[in-house]
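One structure below.
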């Protein structure tokens, strides 16, 4: 019975890692598609969304069946509860990657408004936060999780910087409005990805310390 218990916990972790791997792939692909105007790569990101949705449902199924079958307590229960919460967070990350891919398809029809420097940097940081939050979950690494939470401010600052710059383009030349709005949306979706990575990291702290930190200042 103990062996089955441990195997099912491992199955849940494996399902989360499979989903996370797909999510990291779409984040990598959509960043490349944006910079290179690769329409095929953007469309592949959109196609992968259904597979990621199926992964979310599988995580939810494994976790809920585990709770019903074993009625876990303490750390094991928190691990499964956090797994159930991680599925939707990762699915939302993928949804935002799809949103960026759709904007990329539209932007690919027009000349670049400006060299893309800060946006790829913002996407790279959001991707790194997702990757680190998953690593923190698997390793139950509270220090790494708290580091992810702190880095969210950097992404927020980049978003505001990009927004202000693109706003100035629109004011100076109304012909840039459509492309600038697309890029603002891309930045906004990247900012949301960082928020979702932060949510995952906060759940890791709860998993390890049994103390919820969401909606609390990190210095409290």
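Just so it is clear, none of the values below were taken in a lab; they were calculated from the coordinates. Since we're looking at a predicted model, the values are computed, not measured. Backbone-built Cβ (ideal geometry, glycine too); neighbour counts: all protein chains shown.
Using the Cα atoms of the range 1-81 to build a convex hull, what is its mean projected area in square nanometres?
Mean projected area for the range 1-81: 5.8 nm², to one decimal.
Tell me the relative contact order for the chain as a rounded percent, counting alpha carbon contacts under 8 Å between residues six or more apart. Numbers along the way, then the final one.
Details: 269 pairs, mean separation 54.6, N = 220.
Relative contact order here is 25 percent.
Test of understanding: express the Cα radius of gyration of the range 97-172 as a ratio to 2.2 N^0.38 Å, with N the residue count.
Normalised Cα radius of gyration, the range 97-172: 1.37.
Counting other beta carbons within 10 Å of each Cβ, put 129, 170, 57 in order, fewest first.
57, 170, 129
Anyone know which of 117, 16, 134 comes out most mobile in the 10 Å Cα GNM of the chain?
117
If each Cα of the range 2-209 is one equal point scatterer, what is log10 of I(q)/I(0) from the Debye formula at q = 0.18 Å⁻¹?
-1.15
In a GNM of the chain with a 10 Å cut-off on Cα contacts, which of 192, 121, 92 has the highest mean-square fluctuation?
121
Measure nothing but the geometry: give the 0 to 90° angle between the long axis through the Cα atoms of 2-36 and the longest principal axis through the Cα atoms of the chain, rounded to 10°.
0
Separation of the range 24-98 and the range 152-206 by C-alpha centroid, Å?
With the range 24-98 and the range 152-206 each reduced to a Cα centre, they are spaced 22 Å.
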